[in-house]
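These notes concern the structure reproduced below.
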Amino acid sequence: MSTQTSEGRASRPADSAPSADSAPQPAGIVERLVRDDVDRKRFLRMAGGAGAASFGAFVLAACGSSSSKTASTAAATASTSTASKSSSGDVAILNYALTLEYLEREFYVKVVASGFFSGKVGTLIKGFGEQEATHVEALKGAVEKLGGTPVANPNGKFPITSATQVAQLAYTVENLGAAAYLGQAPKIQSPELLATALAIHSVEARHAATLGTLVKKSLTPDGAFAKPDEMSTVLAAVKPFLP
Amino acid sequence: MFNNTLTDAHSGRSGLANPGLVDFEVGGMTRSSFILRGALAAGAVYGVGAVTPFVSQALAETGGGDVEILNFALTLEYLESDFYNVKGREVGLSGTAKSYATMFGEQEADHVKALTSAIKSLGGKPVAKPMFAIPASSQSSFLSLASVLENTGVSAYNGAAPSLQSKEVLASAGSIVQIEARHAAAINLLIGDSPTPSEGFDLPLTKAQVLAKVKPLIKA
């Protein structure tokens, strides 16, 4: 556990170029991944490009016939009288997730701009910020696909005072994000959106664990079973970061 | 995007189903209860005898689907648990690798217990623990394999979870996969790999894809 900590705690001169990172574009990540394997190319084209709903369709297609059947029936459910009810529930969940992803993206933009991190840790932090940006794009696309209106960027404000403080805050924010997705997963009606939310959920968890190694805190603060957080709990926790 | 699926779902049962089925209140129903409801509606028209096979099929699917997925997950957790708790000790780990293996091993063992009891509570029979053949003889080969197992585990849960019928089971699977993701990130960091998939989404795998990866490790 100690191997990753020294760089994270060290306050370093601002040798990075934060301006290049302040508006990360998912297209850049798409381009990078085009050089990767076929699955990733397909995945990315759909998740980052066409939006999360298409990505979900790809996931279900890849899951084989039994899950496709399940999806068909769930889809049939959505097509009947309750369509508006279930998709409005999903839109609300997506917009909630989008709000959190906007905050995370903004946070990492500020962290990268602070220049507190360089080297290996700096690369990790920058990568996390880029990933939050792809989450924002995927969720926006999914809201639009459901006929909803994506929420506006809340323009979060974060205290950025030292490398240690920032790393601690990042650890807290990522754990909160993971718990927020976990809390919503059973409430999502569309299997496609559920697949998308799960694909994001485990990445938030990876961020949290990585930051845990930096700040020498538990990789698994809830033990063997992660605990979900309700929407109200999460929104209260992020309130200090809203303008 | 859902235009043709209602027709498909319906026409599959069209020999028996009430033509009015599509007008039923189906919000929030699972696939199995949808079929079950259709079969019961048909029963009102054709008599109970004609419909019994469909009812029992629907009921079997209600338990069968989730139990099958949970048993698949249980097999993976058995593998991970043995990997850390048996193989980890055999290899003789040190430092961070040792502390991770101890902690992760306890958590995988907890997952085995939780999945076993979830399967029983659904009326299913937990699969027996297979015999494993794990080819790791050094700390570095152990950690490389740990990375494969944990990352495969994340993708396996992410791939299977949307097929779960029970929201409770889904919540449990979610709380387990989050831990697998944390393990995967920590192991990846330790061996100098990226803790995250670079695109920012954990690519799901199908059951067949997962089995192709872990089968060489399963003896029987």
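The values are calculated or read from the model by the stated rules, or taken from the named source; none is laboratory data. Everything quoted here is computed from the prediction, not taken from an experiment. Every residue, glycine among them, receives a Cβ derived from its backbone with ideal geometry; neighbour counts consider all protein chains shown.
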So which residues in segment A:133-146 are within 19 Å of A:ALA92 (Cα to Cα), modelled with pLDDT of 95 or more and either in a loop (DSSP other than H, G, I, E, B) or at the interface with another protein chain (Cβ under 8 Å from one of its Cβ atoms) (or both)? A:HIS135, A:ALA138
Restricting the search to segment B:171-186, which residues are more than 7 Å from chain A (Cβ to nearest Cβ), farther than 21 Å from B:PHE142 by Cα and crowded, with 24+ Cβ neighbours inside 10 Å? B:ALA173
Surrounded by fewer than 24 Cβ atoms within 10 Å (Cβ to Cβ) and more than 9 Å from chain B (Cβ to nearest Cβ), is that true of A:GLN189? no
Would you be able to tell me the number of residues in segment A:197-221 that are more than 8 Å from every other protein chain (Cβ to nearest Cβ) and either outside any helix (DSSP H, G or I) or under 11 Å from the mean Cα position of the chain (by Cα) (or both)? 6
When segment B:198-220 is checked residue by residue, the ones that are more than 7 Å from chain A (Cβ to nearest Cβ) and buried (at least 21 other Cβ atoms within 10 Å of the Cβ) are B:LEU205, B:VAL210
Output for segment A:175-193, where each listed residue is assigned to a helix (DSSP H, G or I) and farther than 23 Å from A:THR220 by Cα: A:LYS187, A:PRO191, A:GLU192, A:LEU193
Just a yes or no: is a residue in segment A:128-136 closer than 15 Å to A:PHE241 by Cα and touching a residue at least 24 places away in the same chain (Cβ under 8 Å)? no
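Here's the yes/no breakdown for (1) closer than 30 Å to B:ALA101 by Cβ; (2) not small (Gly, Ala, Ser):
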| position | (1), (2) |
| --- | --- |
| A:ASN175 | yes, yes |
| A:GLN184 | no, yes |
| A:ALA199 | yes, no |
| A:GLU204 | yes, yes |
| A:SER218 | yes, no |
| A:ALA224 | yes, no |
| A:LEU235 | no, yes |
Residue that is surrounded by the fewest Cβ atoms within 10 Å (Cβ to Cβ), among those in segment B:148-170 that are at the interface with chain A (Cβ under 7 Å from one of its Cβ atoms) and touching a Leu at 6+ places or on another chain (Cβ under 8 Å): B:LEU170
Can you tell me which of (1) under 24 Å from B:LEU122 (Cβ atoms); (2) out of contact with any Ser or Thr (no Cβ under 7 Å at 6 or more places or on another chain); (3) of a type in the set (Val, Ile, Thr) is the one B:VAL148 doesn't meet? (1)
Given (1) part of a helix (DSSP H, G or I); (2) crowded, with 17+ Cβ neighbours inside 10 Å, identify the lone condition not met by A:ALA224. (1)
Top-ranked residue in segment A:149-182 [being of a type in the set (A, V, I, L, M), under 13 Å from A:LEU100 (Cβ atoms) and touching a residue at least 60 places away in the same chain (Cβ under 8 Å); ranked as surrounded by the fewest Cβ atoms within 10 Å (Cβ to Cβ)]: A:LEU176
In this structure, is A:ALA195 farther than 16 Å from A:ARG105 by Cα, in contact with a helix residue (DSSP H, G or I) (Cβ under 7 Å, 6 or more places away or on another chain) and buried (at least 22 other Cβ atoms within 10 Å of the Cβ)? yes
